[in-house]
Amino acid sequence: MLNSIKDIVRKSSIHVCIVNCGGCNGCDVECVALLSPRYDLEQYGIYVHNNPREADVLLLTGAVTEQWRENLKRVYDKAPEPKIVVAVGNCPQSGDVFNQEGGHVYAPASNFIPVDAAISGCPPRPSEILEAILAVGPQAIADRGREKK
Amino acid sequence: MSSLIWYIYDFARKAWADGFTNAHSRSELAEKPDRFRDFPTVNKQYCIGCGACTVSCPSPNAIKIVREKDDETGEGMTFPVINPGACIRCGFCAEVCPTDPKTLECGENHLIHPEFNIIPSKRQYIIDDYLCIKCKKCMKKCPVDAISIVNDKLQVDQLKCIACGECVDVCPVNGAMKAVFVENLQDQKDLILLTVNYLEDYINSKEEDLRALQKDRLLQYDLPLDGIWDEALKIIPDDEISFEIISNAVNRLKIRIIDWDSSKCEKCQLCVPECPTKCISFDEENDTIVRDKDRCLRCSICYQTCPFSVIKYFIAKFSLENDRTIHITVKASNLNGELLME
């Protein structure tokens, strides 16, 4: 009973934090487009903060750079349980065009923190990001909340 | 309390109710635009394993060429595999793919179509070097500096041109700066031929008027364009382009009309050897002179030769304005008058 009430609450209001760990800003711009009236993220009960302490979902953009290797773990630890991590764009998955020979990016991001979902594209369309968050987010958070610690 | 009243008032508005009911649904938002370039699709069977796609790819991990295991049916196929986690959807792989049909297909790509113009304009702006007086007004007016001097001639750089049309407005010489339709040249020729034939047939059908026409007098007709408009739209199904081509052609057109009154003919056969295209011949069986209209040049030599005024020679001019009526003016040629004066 208590759990199902918690599920409803967790599913209906998702708080998102965008973490740019050294990308080109393309995916961040697409995330900002989600807040525009056309896509209107908040009509689905998703709120964007720039504070990992109140986030349920971390939207990860950018290939992981030298400075972000440590910070990524710190940001991840600050987010309260239950939390999921979504990699937006190709960079957190493979490093994309920055992962050249002799380059200093440390992709994929899953080497540092557990990544639950990935959205490919360089950058992905806002509608693709929205679809992915809606498809994965609510249920994943509800499931994560029920896990035994 | 006042805020509560305000809320009730706000939600009771029609605009709010409309906005609430017409809100975008999820499926509409997920639609991709028509020209969207998505991840490449691979048609394995066409691949020749050249590796051009992997070389052109700007992302290091996006394409790998793999080969299937050999089995009893023969060698395994070689083909590229796209990793969507690294592909940036640039379409370079599809562009360089040398096979025909392409192994890799990736949306609409501008370099695959050499005629691609980023501006959706049907016109191409070109300078007629023969008419251009090199006043450079268009160069100064051009907002993107697309016009430059190359070898003492003004030229439009088609890659820079944004098809704004300001150069045509500013050009002081009529016709030196042209905005032409480049896509359908053969259709345009067909359209002009159709118009000219229609006009000539119409004037030839007014045989009695032509024969009664005095010197120094004009014949005037108004011919509606609608007579050929349906056929014209079959050739080029675009109102704007068709009308512009027809009006351009008609306004410059000058047709020479030959009227052949065989009742006056005395069969002297003087015109037969004079005709430069041999389109006049003598039919011995029926004892008549035959003129092949299609080969006739309208050069007027027969008219000048004939001693019995069988042949009459007229000049027709036309104008077509926005009222969709072709105004025709026909006058008798003054060639004979000049000859008599001498």
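The values are calculated or read from the model by the stated rules, or taken from the named source; none is laboratory data. Fair warning: this is a prediction, and the values are worked out from it, not measured in the lab. Glycine gets a Cβ as well: all are built from the backbone with ideal geometry, and neighbour counts include every protein chain shown.
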- Query: Under 6 Å by Cβ, and 6 or more places apart or on different chains, what pairs join a residue from segment A:86-106 that is at the interface with another protein chain (Cβ under 9 Å from one of its Cβ atoms) with one that is charged (D, E, K, R)?
  - Reply: A:Asn90/A:Asp96
- Task: Give the residues of segment B:310-342 that are at pLDDT 80 or above and either exposed (fewer than 12 other Cβ atoms within 10 Å of the Cβ) or of a type in the set (Ser, Thr, Tyr) (or both), sorted by residue number.
- Result: B:Tyr313, B:Ser319, B:Thr325, B:Thr329
- Message: Being in contact (Cβ under 8 Å) with a residue 40 or more places away in the chain and closer than 18 Å to A:Glu131 by Cβ is the filter here; which residues of segment A:43-55 pass it?
- Response: A:Tyr44, A:Ile46
- Condition test on B:Asn43, is it under 30 Å from A:Asp96 (Cβ atoms), in contact (Cβ under 8 Å) with a residue 12 or more places away in the chain and within 12 Å of another protein chain (Cβ to nearest Cβ)? no
- Query: Pick from B:Asp209, B:Asp190, B:Asp230, B:Asp201: which is touching a Phe, Trp or Tyr at 6+ places or on another chain (Cβ under 9 Å), part of a helix (DSSP H, G or I) and more than 20 Å from B:Ser121 (Cβ to Cβ)?
  - Reply: B:Asp209
- Message: Just to verify a result, which residue in segment B:68-84, among those that are within 14 Å of chain A (Cβ to nearest Cβ) and in a loop (DSSP other than H, G, I, E, B), is surrounded by the most Cβ atoms within 10 Å (Cβ to Cβ)?
- Response: B:Pro84
- Message: So, B:Asp283, is that one charged (D, E, K, R) and in contact (Cβ under 8 Å) with a residue 12 or more places away in the chain or not?
- Response: no
- Note on the structure: Taking segment A:107-123 and keeping residues more than 9 Å from every other protein chain (Cβ to nearest Cβ), of a type outside the set (Val, Ile, Thr), outside any strand (DSSP E or B) and under 13 Å from the mean Cα position of the chain (by Cα) leaves A:Ala109, A:Ser110, A:Pro114, A:Asp116
- Message: Filter segment B:101-111 down to the residues that are in a loop (DSSP other than H, G, I, E, B) and either touching a residue at least 12 places away in the same chain (Cβ under 8 Å) or within 14 Å of another protein chain (Cβ to nearest Cβ) (or both) and list them by number.
- Response: B:Pro101, B:Lys102, B:Thr103, B:Cys106, B:Gly107, B:Glu108, B:Asn109, B:Leu111
- Task: Select from segment B:293-336 the residues that are polar (S, T, N, Q) and either under 35 Å from the mean Cα position of the chain (by Cα) or under 16 Å from B:Ser281 (Cα atoms) (or both) and list them in ascending order.
- Result: B:Ser300, B:Thr305, B:Ser319, B:Asn322, B:Thr325, B:Thr329, B:Ser333
- Message: Can you say whether A:Asp56 is in contact with a Gly (Cβ under 9 Å, 6 or more places away or on another chain), crowded, with 24+ Cβ neighbours inside 10 Å and on the phi > 0 side of the Ramachandran plot, as far as the supplied structure shows?
- Response: no
- If you check A:Ala118 against the conditions, is it of a type in the set (A, V, I, L, M, F, W, C) and within 16 Å of A:Asn71 (Cα to Cα)? no
- Message: With the requirement that a residue be among the polar types (S, T, N, Q), under 20 Å from A:Arg53 (Cα atoms) and over 16 Å from the mean Cα position of the chain (by Cα), what does segment A:1-40 give you?
- Response: A:Ser12
- Task: Looking for whichever is in a helix (DSSP H, G or I) and either surrounded by 14 or more Cβ atoms within 10 Å (Cβ to Cβ) or modelled with pLDDT of 85 or more (or both) here; the options are A:Val85, A:Val75. Which one fits?
- Result: A:Val75
- Message: List pairs: first residue in segment B:49-67 and more than 14 Å from chain A (Cβ to nearest Cβ), second residue in a strand (DSSP E or B) and of a type in the set (S, T, N, Q) anywhere in the structure, Cβ distance under 6 angstrom, at least six positions apart or on different chains.
- Response: B:Gly49/B:Thr78; B:Arg67/B:Thr78
- Message: Go through (1) surrounded by 16 or more Cβ atoms within 10 Å (Cβ to Cβ); (2) modelled with pLDDT of 85 or more; (3) within 12 Å of chain A (Cβ to nearest Cβ); (4) over 37 Å from the mean Cα position of the chain (by Cα) for B:Arg89 and report which single condition fails.
- Response: (4)
- Query: In segment A:13-42, how many residues are more than 14 Å from chain B (Cβ to nearest Cβ), in a helix (DSSP H, G or I) and without any contact (Cβ under 8 Å) to a residue 40 or more places away in the chain?
  - Reply: 2
- Message: Restricting to segment A:88-106, count the residues that are within 21 Å of A:Asp56 (Cβ to Cβ) and part of a loop (DSSP other than H, G, I, E, B).
- Response: 1
